[in-house]
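Working notes, beginning with the structure itself.
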Amino acid sequence: MNQAQLKYARARAERVFRDRKDAIVAKHTTPAVRLSTGEQLDALRAGAFKIDKKAGQLRYGWEYGVTFTAERDQKVNQPEIDRETAELTEAYRKLEDELVLGDNEQALVLLRAFEGAAEA
(Lines give C-alpha, C1' and ligand atoms only; values in the text may rest on other atoms or scores of the structure.)
Protein backbone atom coordinates (compact mmCIF):
# COMPACT_ATOMS: atom_id res chain seq x y z
CA MET A 1 0.00 0.00 0.00
CA ASN A 2 1.48 3.34 -0.97
CA GLN A 3 1.36 6.47 1.19
CA ALA A 4 -1.64 7.99 -0.63
CA GLN A 5 -3.68 4.81 -0.16
CA LEU A 6 -2.73 4.60 3.49
CA LYS A 7 -3.58 8.26 4.05
CA TYR A 8 -6.97 7.80 2.37
CA ALA A 9 -7.80 4.64 4.33
CA ARG A 10 -6.88 6.28 7.64
CA ALA A 11 -8.91 9.42 6.86
CA ARG A 12 -11.92 7.33 5.88
CA ALA A 13 -11.63 5.21 9.02
CA GLU A 14 -11.42 8.38 11.11
CA ARG A 15 -14.62 9.74 9.52
CA VAL A 16 -16.44 6.48 10.23
CA PHE A 17 -15.11 6.57 13.81
CA ARG A 18 -16.37 10.14 14.37
CA ASP A 19 -19.77 9.33 12.86
CA ARG A 20 -20.17 6.23 15.01
CA LYS A 21 -19.05 8.13 18.11
CA ASP A 22 -21.62 10.87 17.40
CA ALA A 23 -24.29 8.20 16.94
CA ILE A 24 -23.43 6.70 20.34
CA VAL A 25 -23.80 10.08 22.03
CA ALA A 26 -27.11 10.72 20.25
CA LYS A 27 -28.38 7.25 21.19
CA HIS A 28 -27.80 7.82 24.91
CA THR A 29 -28.96 11.44 25.08
CA THR A 30 -32.52 12.58 25.63
CA PRO A 31 -32.84 16.13 24.32
CA ALA A 32 -34.17 18.95 26.46
CA VAL A 33 -37.68 20.25 25.86
CA ARG A 34 -38.21 23.99 26.15
CA LEU A 35 -41.45 25.86 25.62
CA SER A 36 -41.70 29.01 23.58
CA THR A 37 -43.21 32.13 25.16
CA GLY A 38 -46.59 31.42 23.59
CA GLU A 39 -46.51 27.83 24.81
CA GLN A 40 -45.59 29.03 28.29
CA LEU A 41 -48.58 31.39 28.32
CA ASP A 42 -50.83 28.53 27.22
CA ALA A 43 -49.38 26.33 29.98
CA LEU A 44 -50.03 29.08 32.55
CA ARG A 45 -53.66 29.33 31.40
CA ALA A 46 -54.04 25.55 31.53
CA GLY A 47 -52.39 25.27 34.96
CA ALA A 48 -49.59 23.04 33.65
CA PHE A 49 -46.88 24.38 35.95
CA LYS A 50 -45.43 24.07 39.43
CA ILE A 51 -44.33 26.86 41.74
CA ASP A 52 -40.92 26.56 43.33
CA LYS A 53 -41.05 26.49 47.14
CA LYS A 54 -38.44 29.26 47.22
CA ALA A 55 -40.55 31.50 44.97
CA GLY A 56 -40.98 34.05 47.76
CA GLN A 57 -37.23 34.57 47.91
CA LEU A 58 -36.77 35.40 44.22
CA ARG A 59 -35.00 38.64 43.44
CA TYR A 60 -35.50 38.87 39.69
CA GLY A 61 -39.10 38.05 38.91
CA TRP A 62 -41.94 35.62 39.34
CA GLU A 63 -41.09 33.67 36.16
CA TYR A 64 -37.96 32.25 37.78
CA GLY A 65 -40.13 30.49 40.36
CA VAL A 66 -42.33 28.73 37.82
CA THR A 67 -41.50 25.29 36.41
CA PHE A 68 -43.55 24.12 33.45
CA THR A 69 -44.48 20.43 33.59
CA ALA A 70 -43.98 19.99 29.83
CA GLU A 71 -40.35 21.13 29.98
CA ARG A 72 -37.46 18.83 30.83
CA ASP A 73 -33.70 19.03 31.00
CA GLN A 74 -31.36 17.11 28.75
CA LYS A 75 -30.49 13.68 30.09
CA VAL A 76 -27.20 12.03 29.24
CA ASN A 77 -26.38 8.42 30.13
CA GLN A 78 -22.64 9.05 30.44
CA PRO A 79 -21.64 5.59 31.73
CA GLU A 80 -23.15 3.94 28.63
CA ILE A 81 -21.55 6.52 26.34
CA ASP A 82 -18.18 5.89 27.97
CA ARG A 83 -18.56 2.10 27.74
CA GLU A 84 -19.59 2.04 24.08
CA THR A 85 -17.04 4.69 23.13
CA ALA A 86 -14.27 2.64 24.80
CA GLU A 87 -15.27 -0.43 22.77
CA LEU A 88 -15.39 1.61 19.58
CA THR A 89 -12.04 3.23 20.31
CA GLU A 90 -10.44 -0.16 20.87
CA ALA A 91 -11.78 -1.43 17.53
CA TYR A 92 -10.57 1.76 15.84
CA ARG A 93 -7.08 1.42 17.32
CA LYS A 94 -6.84 -2.19 16.11
CA LEU A 95 -7.97 -1.11 12.65
CA GLU A 96 -5.40 1.67 12.56
CA ASP A 97 -2.66 -0.76 13.62
CA GLU A 98 -3.60 -3.13 10.82
CA LEU A 99 -3.76 -0.30 8.28
CA VAL A 100 -0.29 0.87 9.17
CA LEU A 101 1.30 -2.52 9.77
CA GLY A 102 -0.74 -4.94 7.62
CA ASP A 103 -0.89 -5.47 3.86
CA ASN A 104 -3.30 -3.55 1.61
CA GLU A 105 -5.77 -6.36 0.83
CA GLN A 106 -6.18 -7.15 4.48
CA ALA A 107 -6.51 -3.43 5.26
CA LEU A 108 -9.36 -3.06 2.75
CA VAL A 109 -11.16 -6.05 4.26
CA LEU A 110 -10.73 -4.61 7.76
CA LEU A 111 -11.94 -1.18 6.67
CA ARG A 112 -15.07 -2.69 5.13
CA ALA A 113 -15.70 -4.76 8.25
CA PHE A 114 -15.34 -1.65 10.44
CA GLU A 115 -17.78 0.26 8.24
CA GLY A 116 -20.19 -2.70 8.25
CA ALA A 117 -20.23 -2.77 12.04
CA ALA A 118 -21.53 0.82 11.96
CA GLU A 119 -24.55 -0.23 9.95
CA ALA A 120 -25.37 -3.21 12.18
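The values are calculated or read from the model by the stated rules, or taken from the named source; none is laboratory data. Nothing here was measured: the structure is a model prediction, and the numbers come from that model. Positions of Cβ are backbone-derived with ideal geometry, glycine not excepted, and every protein chain shown enters the neighbour counts. Just so you know, the surface numbers come from the protein's heavy atoms only, side chains and all, with ligands and any DNA or RNA stripped out. Shrake-Rupley method; radii C 1.70, N 1.55, O 1.52, S 1.80 Å.
Here are some notes:
- Residue check, K50 at negative phi, assigned to a strand (DSSP E or B), open to solvent by 60 Å² or more (accessible area, probe 1.4 Å) and of a type in the set (K, R): yes
- Check on L44, outside any helix (DSSP H, G or I), open to solvent by less than 70 Å² (accessible area, probe 1.4 Å) and either out of contact with any Phe, Trp or Tyr (no Cβ under 7 Å at 6 or more places or on another chain) or over 19 Å from F114 (Cβ atoms) (or both): no
- Taking region 63-113 as the range and being in a helix (DSSP H, G or I) and open to solvent by 100 Å² or more (accessible area, probe 1.4 Å) as the test, the residues that pass are Y64, R83, E87, R93, K94, L101, E105, R112.
- Filtered by the rule that a residue be open to solvent by 90 Å² or more (accessible area, probe 1.4 Å) and touching a residue at least 40 places away in the same chain (Cβ under 8 Å), region 6-26 gives R10, D19.
- Selection from region 29-41 of residues that are open to solvent by less than 70 Å² (accessible area, probe 1.4 Å), outside any helix (DSSP H, G or I) and either out of contact with any strand residue (DSSP E or B) (no Cβ under 7 Å at 6 or more places or on another chain) or at pLDDT below 90 (or both): S36
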